[in-house]
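A.B. asks: Please find one structure pasted underneath; my questions will follow.
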Amino acid sequence: MAVPILKQEDFLIASIQDELSDAELVQLRDQLVAKVRQFRSRAVLIDVTVLDIMDSFAARTLRSIAHMTKLLGAETVVAGIQPDVALSMVQLGLTLEGIVVALDLEDGLALLRRRERQKHAANRQ
């Protein structure tokens, strides 16, 4: 199942709609990296609200997306990790080091907009 990737302002939003296979996660990674480059995006927001599990491959793939997009000048935010998923990730020792997380899609967008305003204000000084 392809993940829709929407462009909003200088951001890309990928909203995962269903559990993804490893191949689909790799496809998502490749598409996001290509679109960051294509649209010169400043940030990527990945909404994982519908995921009931996060295995080690999914966590590694999210980390690699964050690292790859950072090399292209974009920040990655993961939004919507469910409490049960967070608990199992902690129990399994899975981390999202280097990735900013947000409670949900709305908070993720607000966070990115706030950071953009801060960057613009700092550039004016």
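A.B. asks: State the number of residues belonging to the stretch 77-97 that are at pLDDT 95 or above and either of a type in the set (S, T, N, Q) or touching a strand residue (DSSP E or B) at 6+ places or on another chain (Cβ under 7 Å) (or both).
C.D. replies: Selection size over the stretch 77-97: 6.
A.B. asks: Please note which helices (runs of 4 or more DSSP H) are completely contained in the stretch 24-125 and include at least 3 residues that are free of Cβ contacts under 8 Å to residues at least 12 places away in the same chain and more than 20 Å from residue 5 (Cα to Cα). Can you show your working first?
C.D. replies: Details: elements: 56-71, 83-92, 105-124.
In the stretch 24-125, the matching helices (runs of 4 or more DSSP H) lie at 83-92, 105-124.
A.B. asks: Quick check on the stretch 31-82: of everything there that is closer than 27 Å to residue 119 by Cα and among the acidic types (Asp, Glu), which residue is surrounded by the most Cβ atoms within 10 Å (Cβ to Cβ)?
C.D. replies: The qualifying residue surrounded by the most Cβ atoms within 10 Å (Cβ to Cβ) is 47.
The values are calculated or read from the model by the stated rules, or taken from the named source; none is laboratory data. What you are looking at is a predicted structure, and each value in this text was computed from that prediction instead of being measured. Glycine also receives a Cβ, built like all others from the backbone with ideal geometry; neighbour counts cover every protein chain displayed.
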